[in-house]
């Protein structure tokens, strides 16, 4: 495989109507790529509308759990590169309905892999896994050598998807690499159950914010611009033998507790509100953050945006969005 140049390249981005996928799709459109996505449900307003890219990409109506829909998207649009980002990504629903999570995250992945394997045009793929695939580890921060011990449905589905991807690389030489991203936040995240958009929107509406956990869990929060940069950088390095078939951690390496994150948000918004701490989050890992040295060493990638900058931009975006 040669180094990819996005201009006029046909790129399939699964999950382009979601938070991360829509931002990756937008970056590719800006680089002159011809972007295609597969969308199951036509939402009233999706992230593609909010970012203004809906008319700039081709939308295949279908479902990734149907192999024929994946094959059609790949074949009819002569796809040359694929970012497989679509997933059922929210912990609550994933725990409540594990089967639909397994179906979309595992079967969806094997359908994408198989469609790319039999395609005559696909030159490479980036498969989105997650730091959650590691599950709970004794040793922090997590490195790429840490075992994948995802116990809960979402976490397990991501670990499975990785094993499938690696199997397609080892058995069929399918050129791919895997991202394991830290918790990602930023503008245009319309899933308000995630802590950062949830707290910001409640404060904008003058409601008391709610913290589902006891406030102590620590996480690594990465700004969306860093996440997009991680996806594109990995794809652009896929022609290198030290990259192909590999998984890479992408994060800031700076964990912060839920409560400290909350304090940063209220300070930036000039509020002084105590949150309602429920202390009822189940199936949550206590402390989790990533070592991204491998990405720095091999890909020359590191997170550029600190949490204050990212939160400030995010808060401004939500204020602007809700004032409309």
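Computed quantities for the displayed model
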| read-out | value |
| --- | --- |
| Centroid-to-centroid separation of region 219-269 and region 147-210 [C-alpha atoms, Å] | 11 |
| Between region 1-76 and region 282-311, the alpha-carbon center distance in angstrom | 26 |
| Reference-scaled alpha-carbon Rg (2.2 N^0.38 Å with N residues) for region 116-186 | 1.22 |
| Within the chain, helix-based [θ] at 222 nm, where runs of 4 or more DSSP H residues each add -39,500 (n - 2.57), nearest 500 | -11000 deg cm²/dmol |
| Choice from 285, 79, 127 with maximal GNM fluctuation in the chain (Cα, 10 Å cutoff) | 285 |
| Rg over Rh [alpha-carbon atoms, Kirkwood Rh] for region 18-156 | 0.99 |
| Column: log10 I(q)/I(0), Debye, Cα scatterers of the chain, q = 0.10, 0.12, 0.16 Å⁻¹ | -0.55, -0.80, -1.47 |
| Translational D in µm²/s for region 65-218 (Stokes-Einstein at 25 °C, 0.890 mPa s, Kirkwood Rh from C-alpha pairs) | 143 |
| Taking the chain and dividing mean pair separation by its residue count, relative contact order in percent (alpha carbons under 8 Å, at least six apart) | 18 |
| Whole-number D in µm² s⁻¹ for region 150-208, Kirkwood Cα-pair radius fed into Stokes-Einstein, 4 °C, 1.567 mPa s | 90 |
| Calculated diffusion of region 139-266, Stokes-Einstein form, Kirkwood radius summed over Cα pairs, 10 °C and 1.306 mPa s, µm²/s | 95 |
| Relative contact order %, region 87-244, counting alpha carbon pairs below 8 Å whose residues are six or more apart | 24 |
| Orientation-averaged projected area, Cα convex hull of region 207-324 (nm²) | 9.1 |
| Sequence of 265, 90 once ranked by neighbouring C-beta atoms within 10 Å, starting from the fewest | 90, 265 |
| Cα-projected label distance for residue 5 with residue 66, points at 7 Å along beta-carbon direction, nm | 3.8 |
| Sorted by Cβ neighbour density within 10 Å, fewest at the top, the residues 201, 37, 171 | 171, 201, 37 |
| Antiparallel DSSP beta bridges within the chain, percent to nearest 5 | 5 |
| Packing-based exposure ordering (other Cβ within 10 Å, fewest first) of 216, 9 | 216, 9 |
| GNM top mover of 67, 99, 261 - the chain, alpha-carbon springs below 10 Å | 99 |
| Cα convex hull of region 205-248 - mean projected area over all directions, nm² | 5.5 |
| Candidates 191, 47, 105, ranked by Gaussian network fluctuation over the chain, Cα under 10 Å, top entry | 191 |
| Rounded to whole Å, sorted largest first: equivalent-ellipsoid semi-axes of region 1-98, Cα gyration tensor | 23, 16, 13 |
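Here, each number is a calculation from the coordinates, and none is a lab measurement. It should be emphasised that the depicted structure is a prediction, and the values quoted were computed from it without experimental measurement. Ideal geometry is used to build each Cβ from the backbone, glycine not excepted, and the neighbour counts take in all protein chains shown.
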